[in-house]
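Report on the structure given below.
The values are calculated or read from the model by the stated rules, or taken from the named source; none is laboratory data. These numbers come from a predicted model, not from an experiment. Reconstructed Cβ throughout: ideal geometry from the backbone, glycine too, with neighbour counts over all protein chains shown.
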Amino acid sequence: MPDTLVFRINADPPQRLDKALARDVPASAALSRTRLTRLLAEGAVRVAGAVATDAKARVVAGDLVEIALEPAVETELLAQSIPLDIRYEDADLIVLVKPAGMVVHPAPGSPSGTLVNALLAHCGDDLAGIGGEKRPGIVHRIDKDTSGLLVVAKSDRAHHGLAEQFAAHSVERAYLAICHGVPDPGDPRLHGMRGVSFEPGGVMRVTTQIGRHRSDRQKQAVHWAGGRHAVTRARVLEAFHGTAALVECRLETGRTHQIRVHMAYCGHGLIGDPVYGGNRRLSARAAGEVAAEAAARFPRQALHAATLGFVHPVSGDSLVFEADPPEDFATLLAILRG
């Protein structure tokens, strides 16, 4: 049997029912606006004793609201016991480091062995439910062969709050990347490139639209008409013999493959990137035979999500997490330095 959530509309309600519900529903119920909209459409909401399905309906202060809440249903996704590198966890969210090679969410080509499969096993009955289903709430992703920090929601209220922060671009995200060449404010090629500018401290700012590649639907590409607004800031942390660099990339937006696309567009594609890196190799004369060979053998894009900061959507605390690069990334750096 469903539980019934009962509350009253407070003074000076918004003119639309859906907005009044979103404002006045008890926070302890952890109902997102999306979930409330779905409950309205399903006829699970009663206002002043009558079933309400019109999201635009008027409400009056003091109206009694009753919402029938079915228990969260079990997901059809498979729970798998897979080790996780967890950095923080509470009743509402979990922060962890995804290893390179792990897909975030099951898909036709990756039905199992994903982060979601692992989280279902790890969290078990601790999942409060996302949209009425017992599953983790994925609010952002990183590519299969990119390592680093992710935050995942365990409750509706956390999912909604985190999604709002990502939509507002208020989440702090910094990546470490090893790229071909060294982005240089003095490079006349970059100064003449559309969408590229330099900010104080030698920070390269890339501003473009990003959308599907016109001929290869598996790739993303820079566009000037269509696509979605994308901004990346890249700062050189360390240069290696003029042929490669360790770069910190900060995301103002978060589009698919954004850093990989922007760095390749600027002529500084990531070492090991099988999609956007082309066949470029380090100069053995400049970097040395060992370093050039190590870079050529690197099996994935050299990209790691190193910093993640956000406001906890329930407690309001500011949280910042940092994760060192994995062994393969650190080894390549050591060889480049050597």
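For segment 158-180, the candidate set comprises residues that are touching a Ser or Thr at 6+ places or on another chain (Cβ under 7 Å) and at pLDDT below 95; within that set, the residue that is nearest to Phe310 (Cα to Cα) is His169. The residues of segment 312-328 that are within 18 Å of the chain's Cα centre (by Cα), farther than 19 Å from Ala177 by Cβ and part of a loop (DSSP other than H, G, I, E, B), listed by number, are His312, Pro313. On the given criteria, is Ala100 surrounded by 13 or more Cβ atoms within 10 Å (Cβ to Cβ) and at pLDDT 95 or above? Criteria met by Ala100. Taking (1) surrounded by 18 or more Cβ atoms within 10 Å (Cβ to Cβ); (2) assigned to a loop (DSSP other than H, G, I, E, B); (3) within 22 Å of the chain's Cα centre (by Cα) in turn, Arg217 satisfies each apart from (1).
Check segment 206-216 and report whether any residue there is more than 25 Å from Phe329 (Cα to Cα) and in contact with a Phe, Trp or Tyr (Cβ under 8 Å, 6 or more places away or on another chain). Yes, the conditions are met somewhere in segment 206-216. Annotation for segment 3-16: no member residue is touching a His at 6+ places or on another chain (Cβ under 9 Å), over 21 Å from Val116 (Cα atoms) and among the basic types (Lys, Arg). Quick check: is even one residue across segment 139-148 more than 30 Å from Ala22 (Cβ to Cβ) and of a type in the set (Asp, Glu)? The answer is yes; a qualifying residue exists.
Does Ala239 meet the test of being among the small types (Gly, Ala, Ser) and within 26 Å of the chain's Cα centre (by Cα)? No. Annotation for segment 49-58: no member residue is at pLDDT 90 or above, in the same structural domain as Gly161 (by TED's automatic domain parsing) and of a type in the set (Gly, Ala, Ser). Looking across segment 242-262, the residues that are in contact with a Phe, Trp or Tyr (Cβ under 8 Å, 6 or more places away or on another chain) and buried (at least 23 other Cβ atoms within 10 Å of the Cβ) come down to Cys249, Ile259, Arg260, Val261. Does segment 314-326 contain any residue that is surrounded by fewer than 22 Cβ atoms within 10 Å (Cβ to Cβ), at pLDDT 95 or above, out of contact with any strand residue (DSSP E or B) (no Cβ under 6 Å at 6 or more places or on another chain) and β-branched (Val, Ile, Thr)? No, because not a single residue in segment 314-326 is surrounded by fewer than 22 Cβ atoms within 10 Å (Cβ to Cβ), at pLDDT 95 or above, out of contact with any strand residue (DSSP E or B) (no Cβ under 6 Å at 6 or more places or on another chain) and β-branched (Val, Ile, Thr).
In segment 223-238, how many residues are more than 28 Å from Leu333 (Cβ to Cβ) and surrounded by 11 or more Cβ atoms within 10 Å (Cβ to Cβ)? Spell out the reasoning first.
So the first thing to find is which residues in segment 223-238 are more than 28 Å from Leu333 (Cβ to Cβ), and the list is 223-229.
Now restrict to residues that are surrounded by 11 or more Cβ atoms within 10 Å (Cβ to Cβ): 223, 227-229.
Final tally of qualifying residues: 4.
The residue that is modelled with the lowest pLDDT, counting only those in segment 14-32 that are assigned to a loop (DSSP other than H, G, I, E, B) and surrounded by 15 or more Cβ atoms within 10 Å (Cβ to Cβ), is Ala30.
From Arg58, Arg35, grab the single residue that is assigned to a loop (DSSP other than H, G, I, E, B) and over 30 Å from Ser147 (Cα atoms).
On the way: Arg35 fails: assigned to a loop (DSSP other than H, G, I, E, B).
Checking each option against the conditions leaves just Arg58.
Restricting attention to segment 280-296, the residues that are more than 30 Å from Arg87 (Cβ to Cβ) and within 29 Å of the chain's Cα centre (by Cα) add up to 2.
Yes/no per residue for (1) under 30 Å from His160 (Cβ atoms); (2) among the basic types (Lys, Arg); (3) assigned to a helix (DSSP H, G or I):
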position: Thr256; (1), (2), (3): yes, no, no
position: Leu282; (1), (2), (3): no, no, no
position: Ala291; (1), (2), (3): no, no, yes
position: Leu308; (1), (2), (3): yes, no, no
position: Ala330; (1), (2), (3): no, no, yes
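In segment 157-179, what residues are under 21 Å from His257 (Cα atoms) and either among the small types (Gly, Ala, Ser) or crowded, with 22+ Cβ neighbours inside 10 Å (or both)? Residues satisfying the conditions are Leu162, Ala163, Ala167, Ala168, Ser170, Arg173, Ala174, Tyr175, Leu176, Ala177, Ile178, Cys179.
Return the residues of segment 220-254 that are assigned to a loop (DSSP other than H, G, I, E, B), of a type outside the set (Val, Ile, Thr) and either in contact with a His (Cβ under 9 Å, 6 or more places away or on another chain) or modelled with pLDDT of 95 or more (or both); say none if nothing qualifies.
Of all residues in segment 220-254, those assigned to a loop (DSSP other than H, G, I, E, B) come to 224-227, 241-243, 252-254.
Those left that are additionally of a type outside the set (Val, Ile, Thr): 224-227, 241-242, 252, 254.
Within segment 220-254, Glu252, Gly254 meet the criteria.
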